[in-house]
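The values are calculated or read from the model by the stated rules, or taken from the named source; none is laboratory data. All figures in this text were calculated on a predicted structure; none of them were measured in a lab. Counting neighbours? That spans all protein chains shown, and the Cβs are built from the backbone with ideal geometry, glycine included.
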Amino acid sequence: MKITFYGHNTLLIEVNGKNILVDPFVTGNPLVKDKINIETIKVDYILLTHAHQDHVLDAEVIAKNNNATIVSNYEIATYYQNLGITVHPMNHGGKWTFDFGEVKYVNAIHTSSFADGTYGGQPGGFVIDGGNKTIYIAGDTALTMDMKLIPMAYNIDLAILPIGDNFTMGIDDAIIASDFVACNEVLGVHYDTFGYIEIDHDRAKKKFSEKSKNLILLEITDSIEL
Ligand code: NI
Ligand code: MN
């Protein structure tokens, strides 16, 4: 499994020969928009954690360019189905085996509405089990006790957690979240994009290492291989 960081919560995951894009927000991200051309992104699936603009902005264009399937909660899936896009609706606690692996839509505590005010269902995160490696993508969320349910069913190899604070968990709660999901390897997301969520990278990494955990912060377009 290869994971490439496209800024904010946007990730390209290559697993079992398929390309999966998570929460595409490129053209509206000042840190990313000059580095990535969305017209060149090749994907089979787009996973959306919730309906906020900073997670779905480029989903319609990329899905249509690629004839990709959007996977999200029922309300978000229906929204894109009405735009003529192929979708796979899910809801919390449900899992499905796709041709690249198993996906479970898990709980998050946050809000979820489209930019035009359309209801976006309840927000979630994803567990992706690719067979050899399993990752947890928290999405935008507070620290929540529900995270403790995840390691009861999965051995998580990488936890992808928001760390920017203000709209989501910050560093200190993300450290606790990594305990809850029983994974000491954390890829930080949802930081630096806007003024509210700028963080001190060295301080964040130090806080994790003091708890014997590893915080990975990738440069835009850099990857990690699991
Ligand atoms: Ni959000
Ligand atoms: Mn967000």
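Filter the range 33-43 down to the residues that are surrounded by 13 or more Cβ atoms within 10 Å (Cβ to Cβ) and either within 16 Å of the chain's Cα centre (by Cα) or without any contact (Cβ under 8 Å) to a residue 12 or more places away in the chain (or both), then identify the one that is nearest to D99 (Cα to Cα).
Within the range 33-43, the match that is nearest to D99 (Cα to Cα) is V43.
Scanning the range 106-136 for residues that are within 19 Å of Y74 (Cβ to Cβ), under 15 Å from the mean Cα position of the chain (by Cα) and in a strand (DSSP E or B) gives V106, N107, G124, G125, F126, V127. Within the set H92, H50, the sole residue that is within 21 Å of G120 (Cβ to Cβ), within 16 Å of ligand 1 (Cβ to nearest atom) and outside any strand (DSSP E or B) turns out to be H50. Which count do you get for residues in the range 60-88 that are touching a Ser or Thr at 6+ places or on another chain (Cβ under 9 Å) and of a type outside the set (V, I, T)? Residues in the range 60-88 being touching a Ser or Thr at 6+ places or on another chain (Cβ under 9 Å) and of a type outside the set (V, I, T): 9 in total. Scan the range 120-141 for residues that are among the hydroxyl-bearing types (S, T, Y) and either more than 15 Å from ligand 1 (Cβ to nearest atom) or touching a strand residue (DSSP E or B) at 6+ places or on another chain (Cβ under 6 Å) (or both) and the total you get is 2. Under the condition of being within 16 Å of ligand 2 (Cβ to nearest atom) and either modelled with pLDDT under 95 or surrounded by fewer than 19 Cβ atoms within 10 Å (Cβ to Cβ) (or both), the residues counted in the range 147-166 number 2. Please verify whether T144 is within 16 Å of ligand 1 (Cβ to nearest atom), surrounded by fewer than 21 Cβ atoms within 10 Å (Cβ to Cβ) and on the phi < 0 side of the Ramachandran plot, treating the condition exactly as stated. Yes, satisfied.
Taking (1) surrounded by 22 or more Cβ atoms within 10 Å (Cβ to Cβ); (2) within 15 Å of ligand 2 (Cβ to nearest atom); (3) among the polar types (S, T, N, Q) in turn, N73 satisfies each apart from (2). Among the residues of the range 87-131, those that are closer than 18 Å to L21 by Cα and loosely packed, with under 14 Cβ neighbours inside 10 Å comprise W96, T97, D99.
Each row is one residue, and each column tells you yes or no for (1) touching a residue at least 12 places away in the same chain (Cβ under 8 Å); (2) touching a Leu at 6+ places or on another chain (Cβ under 6 Å).
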position	(1), (2)
M152	no, no
I163	yes, no
F167	yes, no
D179	no, no
E185	yes, yes
Y191	yes, no
G195	no, no
H201	yes, yes
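Of M90, M152, all but one fail to be within 25 Å of D54 (Cα to Cα) and either hydrophobic (A, V, I, L, M, F, W, C) or touching a Cys at 6+ places or on another chain (Cβ under 9 Å) (or both); the exception is M90.
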